[in-house]
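The values are calculated or read from the model by the stated rules, or taken from the named source; none is laboratory data. Just so it is clear, the structure is predicted and the values come from calculations on it, not from any experiment. Cβ atoms come from the backbone with ideal geometry, glycine included; neighbour counts cover every protein chain shown.
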Amino acid sequence: MKVEETALTGVLIIEPARVADARGFFSESWNRRRMAAAGIDIDFVQDNHSLSRQAGTLRGLHFQAPPHAQAKLVRCGRGAFFDVAVDIRHASPTFGHWVGVELSFDNGRQLLIPEGFLHGFVTRAPDTEVIYKCSDYYAPDCDAAVRYDDPDLGIDWGLEAAPVLSDKDAAAPRLRDLPAYFTWEGRAS
């Protein structure tokens, strides 16, 4: 397993090893002991799985506010997508900064997104499946979003046309209009 740091402290690219033969491959997408040995000690409690039929489907930017904030470990089950994390920890030196990583079935990469970060993705292929682990259960009263096209964030989604959006995502506020749900405390997350 390879673990690569990104420009945002705590956001990691994880590439599990794949053992291939004539039948295909085998890979451990999550192993608590191996992750803990790599410094990743998160208790995941829920797995989510989404299917986006059309390329150009954009979901996000989402987060859950405390007391049900979520860390996520995101991977691609089929197809390909551009995955984005945005730091929303007030007072963080990287507040409002983002990183984006191409995740696909073919590359097998995963993105670890700690609490205090927005998460969103845009699909690059039809029938793309996104699978992710969450460190807390879904709590509708803590569910929130920020506009994918917030000009203060300046995320380059690589879109060639208007994305396919949910009504919730199309109506999401800008980051500047949200309260300070998370505060950086001088450590990774």
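Among all residues of segment 51-68, there is none that is surrounded by fewer than 22 Cβ atoms within 10 Å (Cβ to Cβ), at negative phi, in contact with an Asp or Glu (Cβ under 7 Å, 6 or more places away or on another chain) and among the small types (Gly, Ala, Ser). If you check TYR148, TYR138, TYR132 for being within 14 Å of the chain's Cα centre (by Cα), under 28 Å from ASP47 (Cβ atoms) and part of a loop (DSSP other than H, G, I, E, B), only one passes: TYR148. Criterion first (part of a loop (DSSP other than H, G, I, E, B) and either within 21 Å of ARG109 (Cβ to Cβ) or of a type outside the set (Phe, Trp, Tyr) (or both)) does SER50 satisfy it? For SER50, the condition - part of a loop (DSSP other than H, G, I, E, B) and either within 21 Å of ARG109 (Cβ to Cβ) or of a type outside the set (Phe, Trp, Tyr) (or both) - is not met.
Within segment 160-189, the set of residues being aromatic (Phe, Trp, Tyr) and under 19 Å from HIS68 (Cβ atoms) comprises TYR181, PHE182. The residue pairs whose first member lies in segment 97-120 and is among the hydroxyl-bearing types (Ser, Thr, Tyr), whose second member is surrounded by fewer than 23 Cβ atoms within 10 Å (Cβ to Cβ) and not in a loop (DSSP other than H, G, I, E, B), and whose beta carbons are closer than 6 Å, counting only pairs six or more residues apart or on different chains, are SER104/ALA80. Regarding ALA125, is this residue loosely packed, with under 14 Cβ neighbours inside 10 Å, part of a loop (DSSP other than H, G, I, E, B) and of a type in the set (A, V, I, L, M)? Against the criterion (loosely packed, with under 14 Cβ neighbours inside 10 Å, part of a loop (DSSP other than H, G, I, E, B) and of a type in the set (A, V, I, L, M)), ALA125 does not qualify.
Counting only residues that are farther than 23 Å from ALA139 by Cβ, part of a loop (DSSP other than H, G, I, E, B) and not aliphatic (A, V, I, L, M), segment 1-47 holds 8 of them.
Taken over segment 173-183, the criterion of being more than 22 Å from VAL101 (Cβ to Cβ) and either in a loop (DSSP other than H, G, I, E, B) or touching a residue at least 60 places away in the same chain (Cβ under 8 Å) (or both) is satisfied by PRO173, ARG174, LEU178, PRO179, ALA180, TYR181, THR183.
Can you say whether GLY56 is more than 26 Å from ALA69 (Cβ to Cβ), at pLDDT 95 or above and small (Gly, Ala, Ser), as far as the supplied structure shows? The answer is yes for GLY56.
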